[in-house]
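Trainee: Encoded as structure tokens, here's the structure I'll be asking about.
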Amino acid sequence: MTDLPTGTLTLLFSDIEGSTSLLSRLGDRYGDVLSAQRAIMRTAITEHDGHEMGTEGDSFFVVFESVADAVNAAYQAQRGLNAYPWPDGTQVGVRMGLHTGEPHRHEDGYVGMDVHRAARVAACAHGGQVLLSAATHTFAIAEPVDFLDLGWHRLKDIPEPEHLYQLIAQDLPREFPPPKSLGSRATLPIPSTPIVGREEELAELQSLITAEDVRLVTLSGPGGCGKTRLAIAAAAALEQEFPDGVYFVGLEEVRSLDVMWTTIAEVLGAGSEGSARASLLNQMANRSALLLLDNLEQLPGAADVVADLLAAVPKTAVLATSRRPLHLSEEYDHPVPPLSLPAAENEADSGAVRLFLQRAQMVRPGFALTDDNRAAVAEICRRLDGLPLAIELAAARVNLLSPRALLARLDASLELPGIRPGRPARQQTLRATIAWSYGLLSLEQQGVFRQLGVLAASCDLAAFGTVVGAQGDPLELLAHLVDASLVQVDEDPDGEPRVHILQTIAAFARERLVEAEELDAARARHAQHYLTAIAELSPLLHSSRFLIIRDRIELELDNLRAALDWALGTAADLPPSDRLGIGLRLCQELSWFWYACGYHAEGRRWLSRAVEAAKGEQSSALMTTLHALGVVLQQHGENVQSRDLLLRCLDFWRRKGDPNKIALELNSLACAQRALGEPESARGLFDESITIARTIGDDARQAAALSNLALLELDENHPDRAVVLLRQTLTIDQRLGDTWGVAHDHNNLGAAMVRAGQITEAHDILREHAASAVALGDMELSINYLEAFSLIFAESGDAPRAARLLGASKALRESAELPMAAPDEAILELSISKARGLPDASTWAANVAAGSEFSLDDALADALR
């Protein structure tokens, strides 16, 4: 494709929403649907001079030289798709995204952040919808279409928000749900109904949050009293008071402080797991924002995180929800009472009854208070203590039962008359409400529901079916639980169903599992399902689908953590061998994700726990886990321990006679020897690894060893040899389609070219690939790019930038606990020494200090400007 256009181009990405469901529903006829969709798309693309860059399955990537051609092609395609007679009345919804920029030509296609941005815009769309970035909208002039302003949205892996627009026309659908972005500048959930019975509390809370010198307000109270709903309503009303955004951070699944930092950072788009705290504090330093931290009671150290935030970010305020106050000196505790209960003289004039009416009318239109049901409704609200969650669950059954019948079942099904010793009254009411909903299910449905106690908040339909042991289509079983208000269903990023269960309800389900002696069996099904799922996904991290696969794994992380927690047991309760086997295999499949996606610290914790649980074993699964732990230890600078583990693994695989594993261990062990200052030993191990890899035809193993051997050549001042080896490595990884490997190769090649005196060529390579490499989310890889840039600027006389990027990379390494290996530090020092102290010692030190305050995004921007 040598005639591809360059310069300012408009990029179009598209795919069929819910294609998996369509395939399941249509079977063999899905091929006809796919062919028709492709024909319609290609006709529109051809007639508007588009360049079709790629078609994979149902997706298209197209480049246009004209914005108008791109817009008209999308419009024509959507018209054709809407008019086509799809089989069985099926609606085929194709989502499209347009972005205009200057992507870089690379081989037979394009690369760069503009390509990623266009893909992310398309991912925000719904089937039948066309979304445009601000850059495309600025130049978009097309008849007879117009554009609807959808506001600012944050896109996955892109730091700055994007202003999105929707293409609209009279003959196209106009109404769609909000874009599937990470949220607007206000990332608050959108409630399905207005808040009821909280007018006084809402006004008081808004006044308190905006008062001078008030920076921390905690809504405290029992579970189910409506803390979150009140906090969301208050925050929504205050969006204009905080120019840098209002952010909702759900923490109900979080059990450790490092995951709390990571969760907050992810909501704000601030860095990866390894550097969450530092990246977050750097990004928020001068922002005037409101953070709504929801559900803190399960985190004993949450107060420390909040205190840290308030101290480091002086313009930001925190609105927290918790069952207990945080007990910080700057905290304003705002207890949230239950809704007002009905008085005998005016039963309708209470928040509790108004909420019951609202929810009852949602399932039974026309429901109203009458002389016949008024007393029963009022008594239901009193029996449920005015707790909103309990009232909502009860009112959901009005479609089946009259208020008097509901009241009778409350008496029969719930433990309302007394308080169980050791359990607070607020939990007594919530447990009773959930138990009552559970009691309305049939025995079969109860059996299905209690299995969900092993889920971590949400799962896809396949996991639901496996966990509950469904025979056939699980949708009918799921429908009963949705109808009983025990679970909720929404869409995942691909438009497929995702099942959610509240944790209070999940805890109740777990109690029922224990009573039925089914807990271990359910956890085993859950763990086995997620082992199968991760085993299918993890190999694809070595492909061109790296970002997509990483996103899918991250969506299931909480379930994978729950599976690991069960499979690996505890120090006091070591698991039996079958459970441990699942745990070791989970570690094996997740090890590359932890390594390549920035979860180094978490990976080390799980791997260490697995090794401890398997103490005394000699199995292939354990050796694979030991290998992964050895690699992580190298990342953390613990090279002696790493070498010892890898020697043990190598000995095991030599005795087993597995050449693939031997080549792997030789390469990793050589890296440890290099870090320990044993270059001759390292060279022998690298050579043996390469020889074995070539013998067995394992290109991936060969590429890894060649890349590391090139670094050894740099150590010994043979940069020309290193460049040759790295070009070989790059060719192999490009042929394999390994996105992560290619990103590493470009970084190493750039550094080698600097040592070889090819400064301009090195700079060009790093500039072209740095942004897309950082977007992969691997903190160590990102730091490596910053260090390579600092080499270039030091060699080319730009001492201020060399100093700033050196300071940034050192600070990021310290934050992520990723020390630099001694040989790599020596390579860096060869160039930095030429610029250190320029123009004078104090200015150099000031620039290093300034860089140490940079976020990763700030440092990358400085390198690329």
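The values are calculated or read from the model by the stated rules, or taken from the named source; none is laboratory data. Bear in mind that the values here come from a model prediction, so they are computed numbers and not experimental data. Note that we place each Cβ from the backbone using ideal geometry, even for glycine, and neighbour counts take in every protein chain shown. Side chains included, ligands, DNA and RNA excluded: accessible areas come from the protein's heavy atoms. Shrake-Rupley method; radii C 1.70, N 1.55, O 1.52, S 1.80 Å.
Trainee: Could you figure out which of (1) in contact with a Pro (Cβ under 6 Å, 6 or more places away or on another chain); (2) surrounded by fewer than 23 Cβ atoms within 10 Å (Cβ to Cβ); (3) at pLDDT 95 or above isn't true of R654?
Mentor: (1)
Trainee: To continue, here is another question. Only one of (1) over 30 Å from A773 (Cα atoms); (2) open to solvent by less than 50 Å² (accessible area, probe 1.4 Å); (3) under 27 Å from the mean Cα position of the chain (by Cα) is not met by M623, so which one is it?
Mentor: Status for M623: all satisfied but (3).
Trainee: Going through the stretch 648-664 one residue at a time, which ones are farther than 9 Å from M623 by Cβ and in contact with a Phe, Trp or Tyr (Cβ under 7 Å, 6 or more places away or on another chain)?
Mentor: I662
Trainee: Hey, another quick one. What's the number of the condition L326 fails, among (1) modelled with pLDDT under 90; (2) open to solvent by 80 Å² or more (accessible area, probe 1.4 Å); (3) over 21 Å from E199 (Cα atoms)?
Mentor: Here L326 clears every test but (2).
Trainee: Can you find a residue that is open to solvent by 10 Å² or more (accessible area, probe 1.4 Å), more than 27 Å from the chain's Cα centre (by Cα) and aliphatic (A, V, I, L, M) anywhere in the stretch 770-786?
Mentor: No, the stretch 770-786 has no match at all.
Trainee: Same structure, new question: Of the conditions (1) closer than 30 Å to L560 by Cα; (2) not in a loop (DSSP other than H, G, I, E, B), A236 clears all except one; give me its number.
Mentor: (1)
Trainee: Which residue pairs have Cβ atoms closer than 6 Å, lie 6 or more positions apart in sequence or on different chains, and pair a first residue in the stretch 364-388 that is farther than 24 Å from I434 by Cα with a second residue that is part of a loop (DSSP other than H, G, I, E, B)?
Mentor: If the second residue must be part of a loop (DSSP other than H, G, I, E, B), the pairs left are L369/A348.
Trainee: I've got another one for you. Being touching an Asp or Glu at 6+ places or on another chain (Cβ under 6 Å) and either assigned to a helix (DSSP H, G or I) or open to solvent by 20 Å² or more (accessible area, probe 1.4 Å) (or both) is the requirement here; does S815 meet it?
Mentor: Details: touching an Asp or Glu at 6+ places or on another chain (Cβ under 6 Å): no; either assigned to a helix (DSSP H, G or I) or open to solvent by 20 Å² or more (accessible area, probe 1.4 Å) (or both): yes.
No, not satisfied.
Trainee: Right, next: Which is crowded, with 19+ Cβ neighbours inside 10 Å and not in a helix (DSSP H, G or I), of L560, L486, L564? Reasoning before the result, please.
Mentor: Details: L560 fails: not in a helix (DSSP H, G or I); L564 fails: not in a helix (DSSP H, G or I).
That would be L486, the only listed residue that is crowded, with 19+ Cβ neighbours inside 10 Å and not in a helix (DSSP H, G or I).
Trainee: So in the stretch 142-163, with the set limited to residues that are of a type outside the set (D, E, K, R) and in contact (Cβ under 8 Å) with a residue 40 or more places away in the chain, which one is nearest to M113 (Cα to Cα)?
Mentor: Initially, the stretch 142-163 is screened for residues of a type outside the set (D, E, K, R), giving 142, 144-145, 147-148, 150-153, 155, 158-159, 161, 163.
Remaining after also requiring in contact (Cβ under 8 Å) with a residue 40 or more places away in the chain: 142, 145, 158-159.
On the way: A142: 26, V145: 28, I158: 9, P159: 11 Å.
My answer is I158.
Trainee: Out of D411, D385, which single residue is in a helix (DSSP H, G or I), at pLDDT below 90 and acidic (D, E)?
Mentor: On the way: D385 fails: in a helix (DSSP H, G or I).
Testing whether each residue is in a helix (DSSP H, G or I), at pLDDT below 90 and acidic (D, E) leaves just D411.
Trainee: Here are P178, P189: which of them is in contact with a His (Cβ under 9 Å, 6 or more places away or on another chain) and loosely packed, with under 15 Cβ neighbours inside 10 Å?
Mentor: Matching residue, one of P178, P189: P178.
Trainee: May I pose another question? Of the numbered conditions (1) in contact with a helix residue (DSSP H, G or I) (Cβ under 7 Å, 6 or more places away or on another chain); (2) over 23 Å from P335 (Cβ atoms); (3) open to solvent by 10 Å² or more (accessible area, probe 1.4 Å); (4) not β-branched (V, I, T), G301 satisfies every one except a single condition; which is it?
Mentor: Of (1) in contact with a helix residue (DSSP H, G or I) (Cβ under 7 Å, 6 or more places away or on another chain); (2) over 23 Å from P335 (Cβ atoms); (3) open to solvent by 10 Å² or more (accessible area, probe 1.4 Å); (4) not β-branched (V, I, T), only one is false for G301: (2).
Trainee: Sticking with this structure for a sec: Testing I158 on (1) within 20 Å of F248 (Cβ to Cβ); (2) at pLDDT below 90; (3) open to solvent by 20 Å² or more (accessible area, probe 1.4 Å); (4) part of a loop (DSSP other than H, G, I, E, B), one condition comes back false. Which one is that?
Mentor: Condition not satisfied by I158: (3).
Trainee: Further question on the same structure: Could you look through the stretch 818-827, keep only residues that are out of contact with any Gly (no Cβ under 9 Å at 6 or more places or on another chain) and open to solvent by less than 60 Å² (accessible area, probe 1.4 Å), and pick out the one that is nearest to A285 (Cα to Cα)? Spell out how you get there, then give the answer.
Mentor: At the first step, the residues of the stretch 818-827 found to be out of contact with any Gly (no Cβ under 9 Å at 6 or more places or on another chain) are 824-827.
Add one more test, that the residue is open to solvent by less than 60 Å² (accessible area, probe 1.4 Å), and what stays is 824, 826-827.
Values: D824: 32, A826: 34, I827: 33 Å.
Top of the filtered list is D824.
Trainee: Being at pLDDT 85 or above and hydroxyl-bearing (S, T, Y) is the filter here; which residues of the stretch 462-498 pass it?
Mentor: T466
Trainee: Tell me the strands (runs of 3 or more DSSP E) entirely within the stretch 284-366 that contain at least 2 residues that are within 25 Å of E239 (Cβ to Cβ) and of a type in the set (A, V, I, L, M, F, W, C). Explain how you work it out, then say what you get.
Mentor: Working: elements: 290-294, 317-322, 331-335.
Here the list reads 290-294, 317-322.
Trainee: Determine, yes or no, whether S59 is touching a residue at least 24 places away in the same chain (Cβ under 8 Å) and out of contact with any His (no Cβ under 7 Å at 6 or more places or on another chain). Reasoning before the result, please.
Mentor: Numbers: touching a residue at least 24 places away in the same chain (Cβ under 8 Å): yes; out of contact with any His (no Cβ under 7 Å at 6 or more places or on another chain): yes.
For S59, the condition - touching a residue at least 24 places away in the same chain (Cβ under 8 Å) and out of contact with any His (no Cβ under 7 Å at 6 or more places or on another chain) - is met.
Per-residue answers, yes or no, for (1) over 36 Å from the mean Cα position of the chain (by Cα); (2) surrounded by fewer than 20 Cβ atoms within 10 Å (Cβ to Cβ); (3) at negative phi; (4) assigned to a helix (DSSP H, G or I):
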{"site": "G637", "(1), (2), (3), (4)": "no, yes, no, no"}
{"site": "L645", "(1), (2), (3), (4)": "no, no, yes, yes"}
{"site": "K661", "(1), (2), (3), (4)": "no, no, yes, yes"}
{"site": "E665", "(1), (2), (3), (4)": "no, no, yes, yes"}
{"site": "A670", "(1), (2), (3), (4)": "no, no, yes, yes"}
{"site": "Q673", "(1), (2), (3), (4)": "no, no, yes, yes"}
{"site": "G677", "(1), (2), (3), (4)": "yes, yes, no, no"}
{"site": "L685", "(1), (2), (3), (4)": "yes, no, yes, yes"}
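Trainee: May I ask you to list the residues in the stretch 600-615 that are open to solvent by 20 Å² or more (accessible area, probe 1.4 Å) and either closer than 29 Å to S782 by Cα or not basic (K, R) (or both)? Full working, then the answer.
Mentor: Going through the stretch 600-615, the residues open to solvent by 20 Å² or more (accessible area, probe 1.4 Å) turn out to be 601, 604-606, 608-609, 611-612, 615.
Within the stretch 600-615, A601, R604, R605, W606, S608, R609, V611, E612 meet the criteria.
To keep it simple, each residue is scored yes or no on (1) crowded, with 16+ Cβ neighbours inside 10 Å; (2) touching a helix residue (DSSP H, G or I) at 6+ places or on another chain (Cβ under 6 Å).
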| site | (1), (2) |
| --- | --- |
| R801 | yes, yes |
| K810 | yes, no |
| E829 | no, no |
| A835 | yes, yes |
| A841 | no, no |
| F854 | yes, yes |
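Trainee: Test each condition in (1) in contact with a helix residue (DSSP H, G or I) (Cβ under 6 Å, 6 or more places away or on another chain); (2) closer than 21 Å to V259 by Cα; (3) surrounded by 21 or more Cβ atoms within 10 Å (Cβ to Cβ) for V306 and report the one that comes out false.
Mentor: Of (1) in contact with a helix residue (DSSP H, G or I) (Cβ under 6 Å, 6 or more places away or on another chain); (2) closer than 21 Å to V259 by Cα; (3) surrounded by 21 or more Cβ atoms within 10 Å (Cβ to Cβ), only one is false for V306: (1).
Trainee: Can you tell me which residues in the stretch 20-35 are within 29 Å of the chain's Cα centre (by Cα) and exposed (fewer than 13 other Cβ atoms within 10 Å of the Cβ)?
Mentor: Once the filter is applied, which keeps residues that are within 29 Å of the chain's Cα centre (by Cα) and exposed (fewer than 13 other Cβ atoms within 10 Å of the Cβ), the stretch 20-35 yields only S24.
Trainee: Give the residue, chosen from T43, T2, that is more than 17 Å from V130 (Cα to Cα), at pLDDT 95 or above and either in a helix (DSSP H, G or I) or not acidic (D, E) (or both).
Mentor: Working: T2 fails: at pLDDT 95 or above.
Checking each option against the conditions leaves just T43.
Trainee: Mind listing whichever residues of the stretch 378-394 are open to solvent by less than 30 Å² (accessible area, probe 1.4 Å) and within 12 Å of L410 (Cβ to Cβ)?
Mentor: Selection gives I380, C381, L384, A390, I391, L393, A394.
Trainee: Across the stretch 534-557, what is the number of residues that are open to solvent by 30 Å² or more (accessible area, probe 1.4 Å) and over 19 Å from K156 (Cα atoms)?
Mentor: So the answer is 6.
Trainee: Return the residues of the stretch 334-359 that are closer than 30 Å to V306 by Cα and either buried (at least 17 other Cβ atoms within 10 Å of the Cβ) or among the basic types (K, R) (or both); say none if nothing qualifies.
Mentor: Let us first name the residues in the stretch 334-359 that are closer than 30 Å to V306 by Cα, namely 334-339.
Matches in the stretch 334-359: H334, V336, P338, L339.
Trainee: Look at the stretch 54-80 and say how many of its residues are β-branched (V, I, T), open to solvent by 30 Å² or more (accessible area, probe 1.4 Å) and part of a helix (DSSP H, G or I). So that I can check it myself, show each step before the final result.
Mentor: From the stretch 54-80, those β-branched (V, I, T) are 55, 62-63, 67, 71; that's our starting set.
Cutting the leftovers down to open to solvent by 30 Å² or more (accessible area, probe 1.4 Å) gives us 55.
So of that shortlist, the ones also part of a helix (DSSP H, G or I) come out as none.
Qualifying residue count, the stretch 54-80: 0.
Trainee: Just a yes or no: is a residue in the stretch 202-210 among the hydroxyl-bearing types (S, T, Y) and in a loop (DSSP other than H, G, I, E, B)?
Mentor: Taking the stretch 202-210 and keeping what is among the hydroxyl-bearing types (S, T, Y), we get 207, 210.
Within this subset, residues satisfying the condition of being in a loop (DSSP other than H, G, I, E, B) are 210.
Yes, because at least one residue in the stretch 202-210 is among the hydroxyl-bearing types (S, T, Y) and in a loop (DSSP other than H, G, I, E, B).
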